[in-house]
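Visitor: Have a look at this one before I ask anything.
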């Protein structure tokens with residue numbers, strides 16, 4: 001189990017082939033997002049979609065017949081879909097999380113998040129498939145401007161992996177995917193570009209380890 005500070009496009013090249021059982025990640029949406037505190041996300045500007053080239057390495061490190069669940073920004077869906085398909089991933093499902101609040105308002109109130117379920121090969125179907133519309137749990141975004149709640153991510157890990165499996169998040173942020181994996185007794189690998197968020201993820205996972213050992 002490890003958390004690595006660095007550019008995932010480069011760090012992923014150091015991981016062995018076919019070593020990961022599930023990828024669960026929340027890459028930049030390429031919308032130049034700024035939260036109410038003025039915080040931004042690196043590589044999130046419109047046109048910064050070169051970061052999606054990391055999915056070629058994501059595909060390589062995935063074991064045969066496994067899944068990648070990736071959040072995405074609908075404004076850049078053409079770039080996301082092109083990158084996923086170029087990497088060799090096949091969209092097999094789509095998930096929507098219904099919020100009780102609007103994250104922004106323009107022509108519509110934006111009250112959902114979404115992710116694609118992407119396959120390498122032909123993964124087995126889960127024993128208990130999830131509904132494709134899921135409840136959203138608000139994290140408060142205390143430690144990262146787009147922080148996902150552990151409660152939002154845990155059902156995905158539980159459905160698509162078994163205890164002891166390896167979960168990878170190449171855009172790990174404050175470590176929510178890693179915390180969810182650890183709490184479910186899965187191994188994890190996280191990669192995060194920003195040292196501040198990586199340090200918080202380290203601290204967070206130490207807390208999870210203490211909790212599990214108690």
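The values are calculated or read from the model by the stated rules, or taken from the named source; none is laboratory data. Please read these numbers as outputs of a predicted model, since none were measured by experiment. Cβ: placed from backbone, ideal geometry, glycine included. Neighbour counts: every protein chain shown.
Visitor: Among the residues of region 196-205, is any in contact with a helix residue (DSSP H, G or I) (Cβ under 8 Å, 6 or more places away or on another chain), surrounded by 24 or more Cβ atoms within 10 Å (Cβ to Cβ) and modelled with pLDDT of 90 or more?
Guide: yes
Visitor: Select from region 29-52 the residues that are closer than 15 Å to residue 191 by Cα and touching a helix residue (DSSP H, G or I) at 6+ places or on another chain (Cβ under 6 Å) and write down the one among them that is surrounded by the most Cβ atoms within 10 Å (Cβ to Cβ).
Guide: Only one residue fits best here, namely 52.
Visitor: Identify the residue in region 154-187 that is on the phi > 0 side of the Ramachandran plot and within 12 Å of the chain's Cα centre (by Cα) and, among all such residues, is surrounded by the most Cβ atoms within 10 Å (Cβ to Cβ).
Guide: If we filter region 154-187 for residues that are on the phi > 0 side of the Ramachandran plot, which is where we start, we get 164, 173, 175, 185.
From what is left, the residues that are within 12 Å of the chain's Cα centre (by Cα) are 173, 175.
Details: 173: 25, 175: 29.
So, considering only residues that are on the phi > 0 side of the Ramachandran plot and within 12 Å of the chain's Cα centre (by Cα), the one surrounded by the most Cβ atoms within 10 Å (Cβ to Cβ) is 175.
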